[in-house]
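The values are calculated or read from the model by the stated rules, or taken from the named source; none is laboratory data. These numbers were taken from a predicted model, which means no experiment stands behind them. Every residue, glycine as well, gets a Cβ built from its backbone with ideal geometry; the counts of neighbours run over all protein chains shown. Each accessible area value is taken on the protein alone, full model and side chains, heavy atoms only, with ligands, DNA and RNA left out. Shrake-Rupley method; radii C 1.70, N 1.55, O 1.52, S 1.80 Å.
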Amino acid sequence: MGRRKNRIIESVEVVDIVTKGKGLARKDGKVIFIENAIPGDVVDVRIQKKKKDYSMGYVYKMIKPSPQRIKPFCEHFGNCGGCKWQYLSYEQQLKYKEKIVHEAFTRVGKLSFEEILPILGSEKSQYYRNKMEYTFSNSRWILPEEAEAGIEIVERNALGFHVPKLFSKIVDIHECFLQDDFANTIRNAVRTFALENDYSFYDILNHQGLLRNLLIRNSLIGEWMVIVSFGEKDESKTEQLMEYLDKTFPQITSLHYVVNLKKNDTLFDQNIICWKGKGYIDEYLEELKFKISPKSFFQTNPYQAVKLYDVVRRFANLQGDETVYDLYTGTGSIAQFLARYCKKVVGVEEVADAIKDARYNAKENKLDNCHFVVGDVKNEFNPQFVQKHGAVDLLITDPPRAGLHETVVQNILTIAPPRIVYVSCNPATQARDLKLMEEQYRIVNIQPVDMFPHTYHIENVVLLEKR
Ligand SMILES: C[S@@+](CC[C@H](N)C(=O)[O-])C[C@H]1O[C@@H](n2cnc3c(N)ncnc32)[C@H](O)[C@@H]1O
């Protein structure tokens, strides 16, 4: 059984790219989805999952690479799980992203619409992220070339990213092209300091070791936040590392540490201590100022965030007297972006800390027409809520990848706002939700925006009008 499931299908030609960036091939009338394959590749596929109508697998052997393939620019490509589309030129990536949106709307949603506007690409396709999280590990991923050479592995400690699907192994990262290059300088210096001073690196399987995670955030105005997460209490070593970072990098404007003794790495429920600096960094989008605390959510590509919000603003076409609802508001950035052009904005978000930041930011930005509510959209956004806060002239919704809960769709249909701007990071769930709304709403505009070059992720904004 097992062997049949993992069988190899020889010499298939990839003809398309579909959702989640998988290559699509056909063999004997059946569809095969292949990881890390692009149109034009001829490959042997190892099948990992076999269903009635389709199979899923990965490239077992490259027979003939697609002429579209280019040389990935990063030395860690193939070992690290990020930036998976580096083998495509940026222009090709954009074409495929447009196509993925088109497929989602036609095949998944079977929706009617006139056109999809050309995707808004990113001027910066490298060094565009403002937040990266690295993991310390005493179990470095041994590179295939090291294994093949049979050399003795002396250094097993690593600071970098998880190997895809192998959570306990970490790729030791020397250069990453995602965040400003200064992040490379900080990360590499921390690794060297830790190795030279005998700090233990975390054992992910046994939950022991001092150094656990390194989080680096920055903003467009040149502020830097560093958070070191320790897996054990060691005041002396914590102090030494903090002193080292403080003295070596005066550019760090907010330096923190946390002792995380839990089994998982998340910090939302941990006490993050500010060692030096103001405790947060500031970011600007147009003239709006946003305070980003260690636990705050903020769009991770600030260059494209402005473009994305500008699309929302254009679709919203506000005249000044509207009441706008911003569901899944996060730290209220879309809400504040629009508050300058309408009568009132009501934002709903389930993370209390995010709403705290949203209220603080709105006050700092002198916007007194924003009202923020903590709660699950599924429970909050209903006819009673709207009765309390005022009739909806425009609804913005920006849910997580899973899309809208059915109850939320039902409530939207009952409340029936005249216009809706649906921002999504997953066109497939967006298309599914729009299908449920199709009887009452007409698609007016569709605008994909690329927030994450070299990945298959796409942000898509849709304007809907009540029929
Ligand atoms: C894609 S983010 C959008 C953030 C914001 N619009 C922005 O541009 O920064 C989705 C947000 O929805 C929040 N969220 C997820 N599920 C939720 C729910 N059921 N109810 C309320 N908020 C939720 C998340 O915490 C997150 O802040």
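For segment 275-306, the set of residues classified as open to solvent by 60 Å² or more (accessible area, probe 1.4 Å) and either among the charged types (D, E, K, R) or free of Cβ contacts under 8 Å to residues at least 24 places away in the same chain (or both) consists of Lys276, Lys278, Glu286, Glu287, Lys289, Lys295, listed by residue number.
Please give the number of the condition Thr192 fails out of (1) of a type in the set (S, T, N, Q); (2) over 26 Å from the mean Cα position of the chain (by Cα); (3) in a loop (DSSP other than H, G, I, E, B). All conditions pass for Thr192, except number (3). For segment 412-467, enumerate the residues that are in contact with a Ser or Thr (Cβ under 9 Å, 6 or more places away or on another chain), among the hydrophobic types (A, V, I, L, M, F, W, C) and assigned to a helix (DSSP H, G or I). Ile412, Ala428, Ala431, listed by residue number. Among the criteria (1) more than 16 Å from the ligand (Cβ to nearest atom); (2) surrounded by fewer than 23 Cβ atoms within 10 Å (Cβ to Cβ), the one Pro453 does not fulfil is (2).
Hey, among the residues in segment 398-427 that are under 17 Å from the mean Cα position of the chain (by Cα) and either surrounded by 22 or more Cβ atoms within 10 Å (Cβ to Cβ) or not assigned by TED's automatic domain parsing to the domain that holds Asn379 (or both), which one's farthest from the ligand (Cβ to nearest atom)? For segment 398-427, the residue satisfying everything is Pro427. Scanning segment 92-112 for residues being in contact (Cβ under 8 Å) with a residue 24 or more places away in the chain and open to solvent by 50 Å² or more (accessible area, probe 1.4 Å) gives a total of 5. When Glu152, Glu239, Glu232 are screened for being open to solvent by 20 Å² or more (accessible area, probe 1.4 Å) and either in a helix (DSSP H, G or I) or within 20 Å of Gly279 (Cβ to Cβ) (or both), only Glu239 passes. Here Val392 passes the criteria (1) within 16 Å of the ligand (Cβ to nearest atom); (2) surrounded by 15 or more Cβ atoms within 10 Å (Cβ to Cβ); (3) part of a loop (DSSP other than H, G, I, E, B) except the one numbered (1). Take the residues in segment 60-82 that are under 28 Å from Lys169 (Cα atoms) and in contact with a strand residue (DSSP E or B) (Cβ under 7 Å, 6 or more places away or on another chain), then tell me which one is surrounded by the fewest Cβ atoms within 10 Å (Cβ to Cβ). My answer is Lys61. Checking the stated criteria, Val377 turns out to be in contact with a helix residue (DSSP H, G or I) (Cβ under 6 Å, 6 or more places away or on another chain), open to solvent by less than 60 Å² (accessible area, probe 1.4 Å), without any contact (Cβ under 8 Å) to a residue 60 or more places away in the chain and within 14 Å of the ligand (Cβ to nearest atom). For segment 133-162, a tally of residues being within 14 Å of His174 (Cα to Cα) and of a type in the set (A, V, I, L, M) returns 3. When Glu438 is tested against (1) more than 9 Å from the ligand (Cβ to nearest atom); (2) open to solvent by less than 30 Å² (accessible area, probe 1.4 Å), only condition (2) is not met. Taking the conditions (1) part of a loop (DSSP other than H, G, I, E, B); (2) of a type outside the set (A, V, I, L, M, F, W, C); (3) away from the ligand (no atom under 16 Å from the Cβ) in turn, Pro294 satisfies each one other than (3). The residues on offer are Leu288, Leu338, Leu318, and the sole one that is over 23 Å from Asn460 (Cβ atoms) and more than 19 Å from the chain's Cα centre (by Cα) is Leu288. Of the listed requirements (1) touching a Pro at 6+ places or on another chain (Cβ under 9 Å); (2) within 12 Å of the ligand (Cβ to nearest atom), Thr300 misses just one: (1).
For Ser89, the criteria (1) in contact with a helix residue (DSSP H, G or I) (Cβ under 9 Å, 6 or more places away or on another chain); (2) open to solvent by 20 Å² or more (accessible area, probe 1.4 Å); (3) of a type in the set (Ser, Thr, Tyr) hold in every case but one, which is (1).
Looking at Val462, Val449, which is the one that is under 18 Å from the mean Cα position of the chain (by Cα) and among the β-branched types (Val, Ile, Thr)? Answer to the check: Val449. Pull up segment 338-374, narrow it to residues that are closer than 25 Å to Pro418 by Cβ and within 9 Å of the ligand (Cβ to nearest atom), then point me to the one that is surrounded by the most Cβ atoms within 10 Å (Cβ to Cβ). Taking the candidates together, the pick is Gly347.
When each of Asp265, Asp282, Asp246 is tested for being among the acidic types (Asp, Glu) and either in a strand (DSSP E or B) or over 20 Å from Tyr199 (Cα atoms) (or both), the lone residue that passes is Asp282.
Checking each residue in segment 18-34 for being without any contact (Cβ under 8 Å) to a residue 40 or more places away in the chain, surrounded by fewer than 17 Cβ atoms within 10 Å (Cβ to Cβ) and outside any loop (DSSP other than H, G, I, E, B) picks out Arg26, Lys27, Lys30, Val31.
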